[in-house]
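Taking it in order: structure first as structure tokens, then the write-up.
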Amino acid sequence: MSYGRTGVVLMVLVAAAGLTASAAGQNDEKSSWLDEWDLHGFYELRAGYRTRNDPYEKDMSIMETRLQLDAMSYTDWADFRFKGDILGDLVMEEADFDLREANIFMRPTGFMDVKIGRQILTWGTGDLIFINDLFPKDWQAFLIGRDTEYLKAPSDAGKVSFFHDLANVDFVYTPQFDSDRYITGERLSYWNPNMQSLAGRNAIVRADRPDRWFRDDEFAARLYKNINNYEYAIYGYWGYWKSPGGQTLGSAPRATFPDLNVYGASVRGAVGKGIGNVEFGYYESADDMSGTNPLVNNSELRFLVGYSQEIGRDLTAGVQYYVEHMLDYGNYLDSLPAGMAGRDRDRNLVTFRLTKLMLNQTLTLSMFTYWSPTDKDAYIRPNVNYKVTDDMAVELGANVFFGDHPNTFFGQFENNSNIYTAIRYTF
Amino acid sequence: MKTLMGLMLAVSAVFASVLYAAADGGPLTDVDVIVNKANLAAYYQGDDGKASVKMTITDSKGQERNREFTILRKDIADGGDQNYFVYFDRPADVRRMVFMVHKRADMSKDDDRWLYLPSLDLVRRIAASDKRTSFVGSDFLYEDVSGRSLEEDSHELIETTDTSYVVKNVPKRPETVEFSYYTVTIDRKTFVPMKMEYYDTNGRLYRTIESVEVKEIQGFPTVVKSVVKNLNSGSTTLMEFANVQYNIKVGDVFTERYLRRPPREAIR
């Protein structure tokens with residue numbers, strides 16, 4: 001994986017900046033800046049198996065040990081943060097280093113925050129559904145049963161925030177496109193439209209990822225304001241489809257990341273006894289504005305409405321309705337290659353969440369379900385987490401996929417259904 | 001008056017003088033005056049406050065769990081709305097997590113609560129309206145921490161001793177709580193609630209909260225050690241306050257900006 005290498009470079013850069021800073025600030029009485037690192041982390045074992053036979057993948061869905069180290073320090077003018085995972089992965093048969101964070105945070109004035117370096121970025125109102133959050137996701141980690149933390153992949157970016165009574169604004173610039181960690185077939189089988197069949201290790205997705213520094217870049221912005229604890233936001237994104245949104249022609253087609261601009265808005269706040277949220281986004285597939293190019297995703301409108309409420313003691317329920325509406329559906333149908341089945345114009349999705357805390361909140365039972373009545377497929381995520389002590393937790397969970405058709409969003413993953421268990425020691 | 005976390009968290013000089021003046025003039029008889037003073041002494045000391053809190057939860061088998069967090073509090077109005085900012089240090093798996101509350105004194109309005117999960121950079125709104133659930137898995141309830149509206153109960157002064165007032169509180173909406181009534185023993189001099197005893201529907205005592213140690217900090221009586229006992233489960237929680245400071249001029253840090261990156265006064 002290339003994440004590790006870029007990460008090390010970044011880490012060195014940030015560390016160098018930090019050391020320079022500490023050298024510059026020697027006037028103050030602090031003995032050694034390096035002495036003040038606050039080090040924490042966890043050690044984890046995680047194992048899981050497929051519950052169905054998958055001709056394209058190993059039976060092991062996850063089998064790894066992970067050591068996360070999380071170090072933080074600060075001077076008067078900045079905070080420094082490193083967080084990285086050392087991973088022994090028996091499924092991929094490799095050792096890896098995944099640098100999650102390496103950044104400098106500064107609050108140079110009363111109305112401005114700056115964070116530069118590798119960082120996790122999140123905004124938007126959905127619960128495990130993202131419309132205006134176009135920061136990289138690790139779908140593979142999510143589907144094989146890693147901790148939810150790993151759904152968010154890091155960005156190498158600069159974030160500048162301005163705060164004002166009128167409104168607040170965030171700007172995020174990513175000089176080199178950070179794609180999702182998408183499904184490649186290496187460890188999860190998927191529907192391959194070119195082969196018109198399921199595929200996996202026999203047809204690993206090869207992608208042309210835009211990767212020129214400062215040219216293949218991404219820009220995201222959010223303008224937001226809290227009015228009486230109703231949180232209003234408008235968003236803009238100028239970049240690329242985060243997971244492959246098109247492909248090249250030829251005998252060995254490669255996945256591509258066509259241009260994508262997204263404009264959207266959201267509101268979140270108290271509704272009745274619970275919390276309601278509404279969010280929409282216009283996905284402008286800028287390489288195919290008319291929707292006539294079969295090799296590039298169509299433009300879409302995406303809309304989400306959600307509600308969550310406590311329905312019993314330490315029992316919370318949430319429901320969301322989400323739709324992806326294709327904008328140039330006629331052109332899309334006309335442009336499909338002969339014999340290829342088209343998708344429906346609208347992809348409807350409903351999610352349900354139930355979370356129950358028990359035994360003085362040391363036992364968490366949760367169930368998150370995606371269900372699409374239009375795709376006729378579903379994805380269920382049950383999870384039980386028990387904190388044996390303050391430092392040690394055990395976990396049992398599953399990722400279960402159902403579908404009437406092998407070419408739908410969740411239906412394609414049916415053979416990847418898995419059950420996993422983990423033990424984590426935190427320090 | 002029902003919570004102790006507020007207790008340690010400040011008393012304005014103005015209030016303190018009022019309290020002492022009243023105490024000097026012989027026992028009060030108006031229960032509304034007493035519970036109001038106790039409410040202010042417990043939750044509204046000073047304009048704002050800060051403390052490092054350590055909780056030790058011991059279950060009936062003797063197993064211990066610990067919680068450590070820093071709490072910042074700022075009053076919008078004395079006896080009215082308040083903001084709380086809670087930054088967690090321990091246990092390690094919730095380190096740097098932030099819990100923020102915009103407390104509404106108006107009974108008809110729910111508090112607004114947020115949780116920030118640092119590993120996901122996620123700001124979550126919490127859809128919890130039940131205030132009688134456990135706070136961070138301890139024997140303290142949310143309502144013990146951020147206060148129970150005086151309007152929720154009818155109050156009766158049942159005893160006045162040389163040192164204390166004892167007030168009986170009966171819920172106006174008994175279906176919303178697990179107790180049938182509770183009594184509060186209030187120090188006559190400081191108006192600090194020293195002991196609370198909760199009775200179930202059979203009239204049996206099942207829960208107590210005691211102020212074990214009260215210190216004067218910046219001139220204000222402050223509970224620095226309190227214990228809650230759940231007599232049904234056999235579980236107890238000890239809450240200890242350190243580094244208590246009042247009127248530190250907490251800024252407007254109860255926003256998304258500071259959820260994502262806490263103010264220095266919360267971290268240090």
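Key figures
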| item | result |
| --- | --- |
| Some residue of the stretch A:145-166 being within 16 Å of the chain's Cα centre (by Cα) and on the phi > 0 side of the Ramachandran plot | yes |
| Test set (1) closer than 27 Å to A:G269 by Cβ; (2) more than 11 Å from chain A (Cβ to nearest Cβ); (3) crowded, with 17+ Cβ neighbours inside 10 Å - B:S119 fails condition number | (2) |
| Selection count, the stretch A:75-88, where residues are assigned to a strand (DSSP E or B) and either on the phi > 0 side of the Ramachandran plot or crowded, with 17+ Cβ neighbours inside 10 Å (or both) | 8 |
| Check on A:A141, modelled with pLDDT of 95 or more, small (G, A, S), part of a helix (DSSP H, G or I) and within 17 Å of the chain's Cα centre (by Cα) | yes |
| Test: residue in the stretch A:348-360 that is buried (at least 17 other Cβ atoms within 10 Å of the Cβ), within 13 Å of chain B (Cβ to nearest Cβ), out of contact with any Cys (no Cβ under 7 Å at 6 or more places or on another chain) and at positive phi | yes |
| Selection from the stretch B:23-46 of residues that are closer than 13 Å to B:Y165 by Cα, assigned to a helix (DSSP H, G or I) and at pLDDT below 85 | B:A23 |
| Residue check for A:G41: at positive phi and either modelled with pLDDT under 95 or in contact with a strand residue (DSSP E or B) (Cβ under 6 Å, 6 or more places away or on another chain) (or both) | yes |
| Answer from A:R268, A:R222 - the residue that is modelled with pLDDT of 95 or more, within 20 Å of the chain's Cα centre (by Cα) and of a type in the set (K, R) | A:R222 |
| Flag if B:S52 is away from every other protein chain (no Cβ under 14 Å) and surrounded by fewer than 20 Cβ atoms within 10 Å (Cβ to Cβ) | yes |
| Residue within the stretch B:207-215 that is within 17 Å of the chain's Cα centre (by Cα), among the β-branched types (V, I, T) and crowded, with 19+ Cβ neighbours inside 10 Å present | yes |
| Residues of the stretch A:116-141 satisfying the condition of being away from chain B (no Cβ under 12 Å) and either among the β-branched types (V, I, T) or closer than 21 Å to A:N416 by Cα (or both) | A:I116, A:I129, A:I131, A:W139, A:Q140, A:A141 |
| Which listed residue is of a type in the set (A, V, I, L, M, F, W, C), buried (at least 19 other Cβ atoms within 10 Å of the Cβ), touching a residue at least 24 places away in the same chain (Cβ under 8 Å) and under 20 Å from A:N385 (Cα atoms), from A:A141, A:A153, A:A157 | A:A141 |
| Subset of the stretch A:311-356 [more than 30 Å from A:G291 (Cβ to Cβ) and in contact with a Gly (Cβ under 6 Å, 6 or more places away or on another chain)] | A:R353 |
| Residue that is modelled with pLDDT of 90 or more, among the β-branched types (V, I, T) and buried (at least 23 other Cβ atoms within 10 Å of the Cβ), where the choices are B:I76, B:I57 | B:I57 |
| Which numbered condition A:D165 fails, given (1) in a strand (DSSP E or B); (2) within 14 Å of another protein chain (Cβ to nearest Cβ); (3) surrounded by fewer than 18 Cβ atoms within 10 Å (Cβ to Cβ) | (1) |
| Test: residue in the stretch B:127-136 that is under 18 Å from B:K54 (Cα atoms), outside any strand (DSSP E or B) and within 14 Å of another protein chain (Cβ to nearest Cβ) | yes |
| Qualifying positions in the stretch B:237-253 - within 12 Å of chain A (Cβ to nearest Cβ) and either in a strand (DSSP E or B) or surrounded by 15 or more Cβ atoms within 10 Å (Cβ to Cβ) (or both) | B:T237, B:V253 |
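Conditions tested, residue by residue: (1) of a type in the set (V, I, T); (2) on the phi > 0 side of the Ramachandran plot.
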| residue | (1), (2) |
| --- | --- |
| A:Y173 | no, no |
| A:E186 | no, no |
| A:W191 | no, no |
| A:Q196 | no, yes |
| A:I204 | yes, no |
| A:A207 | no, no |
| A:D211 | no, no |
| A:D216 | no, no |
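The values are calculated or read from the model by the stated rules, or taken from the named source; none is laboratory data. Quick caveat, the model's predicted, so the values are computed rather than measured. Note that we place each Cβ from the backbone using ideal geometry, even for glycine, and neighbour counts take in every protein chain shown.
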